[in-house]
1. Somewhere in the range 168-175, is a residue open to solvent by less than 60 Å² (accessible area, probe 1.4 Å), assigned to a helix (DSSP H, G or I) and among the aliphatic types (A, V, I, L, M)?
2. Any residue in the range 274-297 that is of a type in the set (Phe, Trp, Tyr) and over 18 Å from the mean Cα position of the chain (by Cα)?
3. Restricting to helices (runs of 4 or more DSSP H) lying wholly in the range 203-321: which have 3 or more residues that are under 26 Å from THR107 (Cβ atoms), open to solvent by less than 80 Å² (accessible area, probe 1.4 Å) and touching a residue at least 60 places away in the same chain (Cβ under 8 Å)?
4. Taking the range 176-192, which residues are exposed (fewer than 13 other Cβ atoms within 10 Å of the Cβ) and acidic (Asp, Glu)?
5. Please state which of the following conditions GLY151 fails to meet, knowing it meets all the rest: (1) of a type outside the set (D, E, K, R); (2) open to solvent by less than 80 Å² (accessible area, probe 1.4 Å); (3) out of contact with any His (no Cβ under 6 Å at 6 or more places or on another chain); (4) more than 26 Å from VAL261 (Cβ to Cβ).
6. Going through the range 87-105 one residue at a time, which ones are loosely packed, with under 14 Cβ neighbours inside 10 Å and in contact (Cβ under 8 Å) with a residue 12 or more places away in the chain?
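The values are calculated or read from the model by the stated rules, or taken from the named source; none is laboratory data. All values derive from a computational prediction rather than experimental measurement. Methodologically, a virtual Cβ is constructed for each residue, glycine included, from the backbone with ideal geometry; neighbour enumeration extends over all protein chains shown. Side chains included, ligands, DNA and RNA excluded: accessible areas come from the protein's heavy atoms. Shrake-Rupley method; radii C 1.70, N 1.55, O 1.52, S 1.80 Å.
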Amino acid sequence: MTTTAAQRASAATARARTAPPPTRDAGTHPGAAVEPHLGVEPHLGVEPHLDPALSGRPDVRPTSRRLGPGPRRRLAGLVGPVALIVLWAAASATGLLDPRILSEPWTVVSTAGELIADGRLQENLAISAQRAGLGLLFGIVVGALLALLAGLSRVGEALIDGPVQIKRAIPGLALIPLLILWFGIDETMKVLTITLGVFVPIYLQTHAGLRGIDLRYVELAQTVGLTRSGFIRRVVLPGALPGFFLGLRFAVTGAWVSLVVVEQINSTSGIGYMMELARTYGQTNIIVLGLAVYGVLGLLSDAAVRLLERKALSWQRTLAG
């Protein structure tokens with residue numbers, strides 16, 4: 001009897017050693033499992049990086065080899081523009097760049113000082129910023145509303161998506177003659193031209209982000225009995241935000257591009273008009289100054305949108321950091 005019991009105990013020990021490790025049940029939420037290296041049970045339904053129970057724990061992620069782009073560096077976005085200016089200055093100083101083709105950087109800076117002193121630069125800049133701001137505002141509102149209507153309704157998609165795609169295929173420059181006939185050459189035509197160039201990227205990216213929402217979230221909203229307004233507020237808008245911000249970056253750039261076009265056609269004010277007037281008198285330095293102003297405005301606008309995007313989408317963990 002003693003020998004048989006010993007043999008049974010030995011067999012049980014052998015089975016325990018050769019048995020596979022325990023696995024999680026497929027129907028169990030990942031967050032319900034106890035993290036063996038932490039010794040705590042995370043909260044159900046909470047992402048690990050947002051779980052207050054894990055906030056005081058040390059970061060155990062591997063640090064020996066990073067495959068991503070690395071940590072974010074402050075002012076890193078200025079490296080490229082500064083390198084471009086240094087290259088421009090070097091080419092001008094060594095004579096590789098003829099000042100009759102492209103003015104030197106120091107000449108452009110001195111020209112900016114003269115225009116600021118007599119008030120022309122800030123006056124034209126304020127008018128251009130007002131036009132771009134109004135066109136951008138109207139374009140964002142129109143594009144977002146159309147994206148919601150087309151994204152949440154098959155009827156809305158059938159009525160809206162086709163005309164927007166047609167507008168997308170028509171360049172804004174081709175519509176200017178018709179807009180001049182309809183609205184003349186006053187501010188309405190200029191703001192409307194910018195709006196038409198802005199709402200298309202807002203619509204496309206927001207609509208794509210909205211239609212890319214995981215169907216499981218929709219089913220979950222139906223299961224918990226969300227109303228239509230609650231579904232839009234708690235599921236649709238957060239899900240469409242990444243696409244909206246991507247479209248906003250394209251829209252900001254599109255606003256400045258459209259502004260250049262409308263201000264160089266039958267305009268009597270603005271940065272574009274200042275550049276067009278300089279072309280008449282062969283003043284290359286003022287033309288380059290206008291291009292530099294447009295470039296700085298575009299860079300600052302994009303940086304502002306990216307900052308806003310990081311604040312609004314702080315819950316996302318991506319390579320962008």
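1. Filtering the range 168-175 for residues open to solvent by less than 60 Å² (accessible area, probe 1.4 Å) gives 172, 175.
Next, only the ones that are assigned to a helix (DSSP H, G or I) stay: 172, 175.
Keeping just the survivors that are among the aliphatic types (A, V, I, L, M) gives 175.
Looking through the range 168-175, at least one residue is open to solvent by less than 60 Å² (accessible area, probe 1.4 Å), assigned to a helix (DSSP H, G or I) and among the aliphatic types (A, V, I, L, M).
2. Here is the first cut: in the range 274-297, the ones of a type in the set (Phe, Trp, Tyr) are 281, 294.
After this cut, where a residue has to be over 18 Å from the mean Cα position of the chain (by Cα) as well, the list is 281, 294.
The answer is yes, given that some residue of the range 274-297 is of a type in the set (Phe, Trp, Tyr) and over 18 Å from the mean Cα position of the chain (by Cα).
3. On the way: elements: 215-223, 228-231, 237-263, 271-280, 284-312.
Ranges flagged: 237-263, 271-280, 284-312.
4. ASP186
5. Unmet condition: (3).
6. Filtering the range 87-105 down to residues loosely packed, with under 14 Cβ neighbours inside 10 Å leaves 87, 90, 93-96, 98-101.
PRO99, ARG100, ILE101 - these are the residues of the range 87-105 that are loosely packed, with under 14 Cβ neighbours inside 10 Å and in contact (Cβ under 8 Å) with a residue 12 or more places away in the chain.
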